[in-house]
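Notes for the one structure printed next.
The numbers here are math on the coordinates, done by the rules we state, and not lab data. Keep in mind it's a predicted model, so treat the numbers as computed, not measured. Here the Cβ positions follow ideal geometry from the backbone for every residue, glycine too, while neighbour counts run over all protein chains shown.
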Amino acid sequence: MSPLPEAELVRSSVQLYRYLLRCCRRLPPGHIQQHYRHAIRQSFKVHADEDDPERIQQIIKRAIEDADWVMNK
């Protein structure tokens, strides 16, 4: 099960970014939220120049799987 029901609607990097930040809101407030929000921002910056559509879809799929793991932890 995905962390939020909108996971299957994520198709672009901006949609992924917003989706992951919404997932962060469901985490306990404080350092945990700050850590994951920072990690999301950094990862978005690192992959900002990615232009291969197949690679972008791989990144999106992996990020959603990772978010699912974090939310179920």
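Worth a mention:
- The combined condition, being at negative phi and within 10 Å of the chain's Cα centre (by Cα), is not fulfilled by Arg25.
- Given (1) without any contact (Cβ under 8 Å) to a residue 24 or more places away in the chain; (2) surrounded by 11 or more Cβ atoms within 10 Å (Cβ to Cβ), index of the condition Phe44 fails: (1)
- From the options Leu16, Leu9, Leu20, residue that is surrounded by 10 or more Cβ atoms within 10 Å (Cβ to Cβ), touching a Phe, Trp or Tyr at 6+ places or on another chain (Cβ under 9 Å) and farther than 18 Å from Lys73 by Cα: Leu16
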